[in-house]
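For reference, the structure discussed in these notes is given below.
No lab work stands behind these numbers, since they all come straight from the coordinates. Remember, predicted model here, so these are calculated numbers, not experimental data. All Cβ positions, even for glycine, are placed from backbone atoms using ideal geometry, and neighbour counts span all protein chains on display.
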Amino acid sequence: VQLQASGGGSVQAGGSLRLSCAVPGRTLSSRTVGWFRQAPGKDREFVTGIRWSGGEKYYADSVKGRFTTSRDNAKNTVFLQMNSLKPEDTAVYYCAIGSPIYSSRASPEAYYYWGQGTQVTVSS
């Protein structure tokens, strides 16, 4: 299963970016599409997730109120709208598909299909 993430780039602090992740529709059913990020020298970090069926969303505390995830069922695409970006948001962002239970929704180990990552750089 191939996931295609796109939309990364370089912005100044306070700016916005929208990432997209094209997902194979046949794999989704009751799964969750998550966004993770990894900065140099750091562990992969959960950012947000959305359940394909029902649309329940989860956010890391560090991005609540600034980032929004959404999906377009017809286009099998998940979006990550990032506003009020900060330098600490700089990382490679990945989309992933998994079937996490609620308690593991933020764990990378609960996701088994991953995209190739897209770089987001926020300058101060």
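Hey, what D do you get for segment 7-64 in µm²/s if you plug the Kirkwood alpha-carbon radius into Stokes-Einstein at 25 °C and 0.890 mPa s?
Values: Rh = 13.3 Å.
Answer, rounded: 184 µm²/s.
In whole Hz and in residue order, list the ³J(HN,Hα) couplings for segment 65-75 that follow from phi through the Karplus curve 6.51 cos²θ - 1.76 cosθ + 1.60, θ = phi - 60°; x for Gly and Pro.
3J(HN,Hα) across segment 65-75, in whole Hz: x, 10, 10, 9, 9, 8, 9, 10, 4, 5, 9.
Hey, if you put +1 on the Cβ of every Lys and Arg and -1 on every Asp and Glu Cβ in segment 29-124, which of Phe79, Val120, Pro108 ends up farthest toward the positive end of that dipole?
Value computed over the given set: Phe79.
Quick check for me: using +1 on Lys/Arg Cβ and -1 on Asp/Glu Cβ, what's the dipole size of the chain about its Cα centre, in debye to the nearest 20?
Values: 14 positive and 8 negative charges, 57 e Å.
The dipole of the chain has a size of about 280 debye.
Based on the alpha carbons, how large is the Rg to Rh ratio for segment 41-96 when Rh follows Kirkwood? Mind showing how you got there, number by number?
Numbers: Rg = 12.0 Å, Rh = 12.4 Å.
With Rg and the Kirkwood Rh in hand, the quotient comes to 0.97.
Relative contact order of segment 17-124: what whole-number percent is it, with Cα pairs under 8 angstrom and at least 6 residues apart?
Numbers: 213 pairs, mean separation 33.3, N = 108.
Normalised by residue count, the contact order of segment 17-124 is 31 percent.
Rounded to whole Hz and in sequence order, give me ³J(HN,Hα) for segment 92-107 from the Karplus expression 6.51 cos²θ - 1.76 cosθ + 1.60, θ = phi - 60°, writing x for Gly and Pro.
8, 9, 10, 9, 8, 10, x, 10, x, 6, 4, 6, 10, 5, 9, 8
What per residue convex hull volume, in Å³, comes out for the chain when only alpha-carbon positions are used? Mind dumping the intermediate values first?
Working: hull volume 11.5 nm³, N = 124.
Roughly 93 Å³ of hull volume per residue.
Just to verify a number: FRET efficiency for Ser10 and Arg66, C-beta to C-beta distance, R0 = 25 Å, to 0.05? Walk me through the intermediate numbers first.
Details: r = 18 Å, r/R0 = 0.71.
After rounding, the FRET efficiency stands at 0.90.
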